[in-house]
Structures are given as structure tokens and as C-alpha cells.
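Q: Quick one: this structure, given as C-alpha cells, is what I'll be asking you about.
The values are calculated or read from the model by the stated rules, or taken from the named source; none is laboratory data. Fair warning: this is a prediction, and the values are worked out from it, not measured in the lab. No Cβ is skipped: glycine too gets one built from the backbone with ideal geometry, and neighbour counts run over all protein chains shown. For the accessible areas, the whole protein counts, side chains as well, though only heavy atoms, and no ligand, DNA or RNA atoms are used. Shrake-Rupley method; radii C 1.70, N 1.55, O 1.52, S 1.80 Å.
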Protein chains: 2
Amino acid sequence: MSELDTLIQLLARLPGLGPRSARRAALHLIKRRESLLEPLAAALAKAAHAIRPCPICGNLDTVEPCTICRDPERDATAICVVEGLADLWALERTGIFRGRYHVLGGTLSALDGIGPEDLSIERLLARIRPGQELILALNATVEGQTTAHYLADRVAGRGVRVSRLAQGVPIGGELDYLDDGTLTAALKSRRAL
Amino acid sequence: MSELDTLIQLLARLPGLGPRSARRAALHLIKRRESLLEPLAAALAKAAHAIRPCPICGNLDTVEPCTICRDPERDATAICVVEGLADLWALERTGIFRGRYHVLGGTLSALDGIGPEDLSIERLLARIRPGQELILALNATVEGQTTAHYLADRVAGRGVRVSRLAQGVPIGGELDYLDDGTLTAALKSRRAL
């Protein structure tokens, strides 16, 4: 197999790229040898070498513990539990949360055979201290909410406050386009003006 | 900027990946360090080093001239002119064409300021010999067809036969869903059964 075929096959394994777009991506890379192909090769080699999961929270970083866990300015009494890194990044982009994180690595799912032992739940239980707040920032899906309830049960009696993200109409959302579940949640959690 | 941000920004410059899917791709890569990230880094480095355009036809390959141009089994009297490499690959996948190629590198476009000197037209004219067939496998777009007509004019009187791909109903195509142009072309080029 030629170098080009190897490259295309590897690119096709990235999420969001199929065989056709992998071919386009390979062409795009080869046409931009100096501005894109070579920097990308170097960035991948560097990432392979330098990036590892944080032993405390599961975030990916080049330092251990990660930048967030070692930041003394961040509130160690608030731990935001997320399913995956993409969620952590999404919250960090808002800049609104100044506590620490805990990356579960997924959600409980009987269907997919994912039990508590497959997630970083024991590490979370070992981390929490009385007086802390545990913010369960899990997806508003069946699996996410099942996991949230499970976690709330497990930490009950450990002296931590447990909260979850508010559910309701998204900013810019039009009621006409929202599903019934969201509308129901938004109505139930209505606030006085 | 961290190694991870650099990687995400470079991935986001691939066609078909936006900022969000670039983040997903980066996570995917880091989770599969040995099976995907390291092989991809190596494949990119190899491609940067080994792959170059064929000086005859413009195909990309690790050998000069390319595998197609140097293959004595392939018919040197048939040259298939394509806009880009993706088209060459698409034709090669069918396995039906056993001649040589010529990659134009685009199409004439007054709107985008692309003239004959921006395409590999002079190199094509230098290549052709009397008795050859020139198959204009250009896209059935305005630009593709303009370019085809321009090429046909330029090679007139050089003793080469010029042909183009048939236009009509695609295999599996339903008439109800086809545009008027395709239907018109299919009707005009109808064949006796």
C-alpha cells in the first residue's frame, strides 16, 4: 500500500471523516506541505509524547496533575462532574466555573454493559471531602440522568452538597422548535420575575 | 498555546472538520495513541517527505514519473483530462480506464480570475501527439464545460480525437429527482434499444 493510501486510511478513522472526505483531507494536506502537513505531523508527534490524563481529575494535559488541578486560584471545594473531556472543554470555554473537575469517562448504561466500575467513580469518592459541592454536569439524557442519580446516592451521607445543571429553554431557543421534555422541564422550573 | 490547542487548530483546518469536530478528532486520537495517533504522525511525516506531483501528468506519487505514467501496460495514446486528483482517483476506482491522465489543477473561471496560464494547459499541449485521443473528463458544471470547450479549441488541428464523458441519468437515479438539465441531456443523447 502506498504512503498516500496509508495516510488516507488513517485519516478516514477520525470521527467526522469518511473515506471520501479523508481523500479530500489528504489532498488538502499534501497541497499545503509546509503550512499544514508538516506542522500537523509535528503536533501529533508532540501530543503522542507529551499529553497524558491527569491522575486526579482525568483531564488531558502535559503536566501532572493538570493545569486546573494545580491552580491554587481555583476553588477546590467545588467539583464539577462531567461525562467526558469535551464537556469539560465546553464549560471552560464559558469561563464561568472556577472550581475543579472530575471526568467520569462515560455514563452508566445497562444496554452497553457499562457499570460503575467502568467509570472513574471510585476515584471520585476517594476525592470528595465534607463541605464540598459536587455539581453533576451530566448530559440531559436518560444515561446522564441515571448516572447523576446513582452518584447522588453514592455520596449521600458524605457531607457534600450535590447540585445539577438547570434544565430549560436554551438561550435563543424558540418554543415552537423545542421538544416536549425541555418545555416540561422549563415550565416546572419556572422562576418568578 | 498548549500542544493540545495546537493540534486542534491544525485539525480544524482540514476540509470537513470544524472547530467542534476537530476537538472530537483530537480526543479520539489521544485515546488511541498507539493504534492511530502515532501511525498518523508517522504517515504524515512520510507523506511530507515522499509524495510529489508527477512532472508529466500532475498525479501525486512517491515515484517520478508516477506509477500510471511509467506503466507500459497503460495505453499512452489515450489521455484523460481531469480537473483534480480526486477525479483521477474516482476514475481509477472504477478500473475501467487503462490510459494515462492529465491533471489540469482546476477549471477556467472568469469569476475567480483563473485563466489558462493558471492550469497545466501548456504542459498538456506539449504532451499530445497526432493520433492520440483526449478524453475531457471534466465536471458537468459551467466551469468544467467552458474549460472543455476551450481545450477542444486549443487542440483543434493537432490531429487528436477529442471526446467527453456521456451525460445522462445516473445509475439508480430517479427521474422525479433529477434536475431539468440532466433530463434534457439524457433525452437529447437517447439511444436506440
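Q: How large is the Kirkwood hydrodynamic radius of the stretch A:3-50, in angstrom, based on all distinct alpha carbon pairs?
A: 11.1 Å
Q: For a quick check of your reading of the filter: which trypsin sites (Lys or Arg not before Pro) in the stretch A:134-172 sit in a DSSP loop and have no more than 15 other Cβ atoms within 10 Å?
A: Here the sparse-neighbourhood loop sites are A:Arg158.
Q: Using only Cα atoms, figure out Rg for the stretch A:60-164 and give it as a multiple of 2.2 N^0.38 Å.
A: So the stretch A:60-164 has a normalised radius of gyration of 1.04.
Q: Check B:Ser163: other-chain or 5+ apart residues with amide H under 5 Å from its amide H, H built from backbone geometry?
A: B:Leu134, B:Ile135, B:Leu136
Q: Show the residues, 5+ positions off or on another chain, whose built amide H is closer than 5 Å to the amide H of A:His102.
A: Long-range HN contacts for A:His102: A:Cys80, A:Val81, A:Val82.
Q: Could you point to the residue in B:Leu151, B:Ala110, B:Pro53 farthest towards the positive end of chain B's charge dipole, with +1 and -1 charges on the Cβ of Lys/Arg and Asp/Glu respectively?
A: The listed residue farthest towards the positive side: B:Pro53.
Q: Sticking with this structure for a sec: On C-alpha positions alone, give me the angle between the axis of helix A:142-155 and the longest principal axis of chain A, in degrees, nearest 10.
A: Between the helix axis and the principal axis of chain A, the angle is about 50 degrees.
Q: In Å and whole numbers, how far do the C-alpha atoms of chain A stretch along each principal axis, longest first?
A: Principal extents (Cα only, largest first): 60, 46, 37 Å.
Q: Something else: Taking the Cα centre of the stretch B:48-121 as origin and charging only Cβ (+1 Lys, Arg; -1 Asp, Glu), how large is the dipole, in debye to the nearest 20?
A: Here the size comes out at about 240 debye.
Q: How much of the DSSP bridge set in chain B is antiparallel, in percent, rounded to the nearest 5?
A: So the antiparallel bridges in chain B amount to around 20 percent.
Q: How large, in percent, is the carbon and sulfur part of the accessible surface of the protein assembly as shown at a probe radius of 1.4 Å?
A: Here it works out to 54 percent.
Q: For the pair B:Thr94/B:Ala156, report the inter-label distance in nm, with labels modelled 7 Å from Cα in the Cβ direction.
A: About 2.7 nm separates the two model spin labels.
Q: Could you tell me what percent of the DSSP beta bridges with both partners in the stretch B:47-143 are antiparallel, to the nearest 5?
A: Antiparallel: roughly 25 percent of the beta bridges in the stretch B:47-143.
Q: Let me ask something else. If you fit an axis through the alpha-carbon atoms of helix A:19-31 and take the longest principal axis of the Cα set of chain A, what angle between them do you get, 0 to 90°, nearest 10?
A: Computed tilt is about 60 degrees.
Q: Which ³J(HN,Hα) values in Hz, rounded to whole numbers, follow from the phi angles of the stretch A:67-83 under the Karplus curve 6.51 cos²θ - 1.76 cosθ + 1.60, where θ = phi - 60° and Gly and Pro get x?
A: Each residue's phi maps through the Karplus curve to give 3, 6, 5, 8, 7, x, 7, 8, 5, 7, 8, 10, 10, 9, 8, 10, 5 Hz.
Q: What number, rounded to the nearest 500 deg cm²/dmol, is the helix-based mean residue ellipticity at 222 nm of chain B, given -39500 (n - 2.57) per DSSP H run of at least four residues and division by all its residues?
A: That calculation yields -11500 deg cm²/dmol at 222 nm.
Q: Also, I was wondering about something else. Pick out, from B:Thr182, A:Gly95, B:His28, the residue whose Cα sits farthest towards the positive end of the charge dipole of the protein assembly as shown, with +1 on the Cβ of Lys and Arg and -1 on the Cβ of Asp and Glu.
A: B:His28
Q: Over the Cα atoms of the protein assembly as shown, what radius of gyration and what Dmax do you get, in Å?
A: Taking only Cα atoms of the protein assembly as shown, I get Rg and Dmax of 28.6, 92 Å.
Q: Something else: If you count only protein heavy atoms with a 1.4 Å probe, what accessible area per residue comes out for the protein assembly as shown, rounded to a whole Å²?
A: Computed with neighbouring chains in place, this is 57 Å² per residue.
Q: Could you report the buried accessible area between A and B, both sides summed, computed with a 1.4 Å probe and given in Å² to the nearest 100?
A: Using a 1.4 Å probe on protein heavy atoms, the buried area is about 4100 Å².
Q: List the lysines whose Cα lies under 24 Å from the Cα of A:Lys46, skipping any in the same chain that are fewer than 8 positions away.
A: In chain and number order, the partners are A:Lys31, B:Lys31, B:Lys46.
Q: A further question on this structure: Among A:117-130, B:126-139, what's the highest-first ranking by average C-beta atoms within 10 angstrom per residue?
A: Top of the packing list down: B:126-139, A:117-130.
Q: Kindly give the distances from B:Tyr150 to its copy-mates, label point to label point, with each label point 7 Å from Cα along Cα→Cβ, as nm values to one decimal ordered shortest first.
A: 6.3
Q: Using a loss threshold of 40 Å², tell me which positions in the stretch A:29-60 are less accessible in the complex than in their chain alone. Probe radius 1.4 Å, ligands and nucleic acids ignored.
A: For the stretch A:29-60, once contacts with the other chains are taken into account, A:Ile30, A:Arg33, A:Leu36, A:Leu37, A:Leu40, A:Ala41, A:Ala43, A:Leu44, A:Ala48, A:Ile51, A:Leu60 lose 40 Å² or more.
Q: Then there is this: Out of all DSSP beta bridges with both ends in the protein assembly as shown, state the antiparallel percent to the nearest 5.
A: In the protein assembly as shown, DSSP labels about 20 percent of beta bridges as antiparallel.
Q: Let me ask something else. Spin-label point model (7 Å from Cα, Cβ direction): what's the B:Ile171 to A:Glu64 distance in nm?
A: Result: 5.5 nm between the two label points.
Q: Which whole number gives the average count of other chain Cβ atoms within 10 Å of the Cβ atoms across peptide B:9-19?
A: If you average over the peptide's residues, the count of other-chain Cβ atoms is 6.
Q: Where is the GNM fluctuation largest for chain B (alpha-carbon springs, 10 angstrom cutoff): B:Val82, B:Val162, B:Val142?
A: B:Val142
Q: Taking the label point 7 Å from Cα in the Cβ direction, how far apart in nm is B:Leu175 from each other copy of itself, listed shortest first?
A: 4.9
Q: To continue, here is another question. Taking each label point as 7 Å beyond Cα in the direction of the beta carbon, state the distances from A:Pro116 to the same residue in the other copies, shortest first, in nm.
A: Going from nearest to farthest copy, the values are 7.8 nm.
Q: Only Cα pairs under 8 Å and at least 6 apart count here; give the relative contact order of chain B as a rounded whole percent.
A: With pairs under 8 Å counted, the relative contact order is 13 percent.
Q: Additional query: How charged is the neighbourhood of A:Asp112? Take every other residue with its Cβ under 10 Å from the Cβ of A:Asp112, and add Lys/Arg as +1 and Asp/Glu as -1.
A: Computed value for this residue: -2.
Q: Looking at the stretch B:1-95, which GluC sites (Glu not before Pro) are in a loop (DSSP not H, G, I, E or B) and have at most 10 other Cβ atoms within 10 Å?
A: B:Glu73
Q: In degrees from 0 to 90, rounded to the nearest 10, what is the angle of the helix A:38-50 Cα long axis to the longest principal axis of chain A?
A: 50 degrees
Q: Find the chain B residue whose Cβ sits closest to the rotation axis that carries B onto A, and give that distance in whole Å.
A: Residue of B nearest the axis onto A, distance in Å: B:Ala41, 3.
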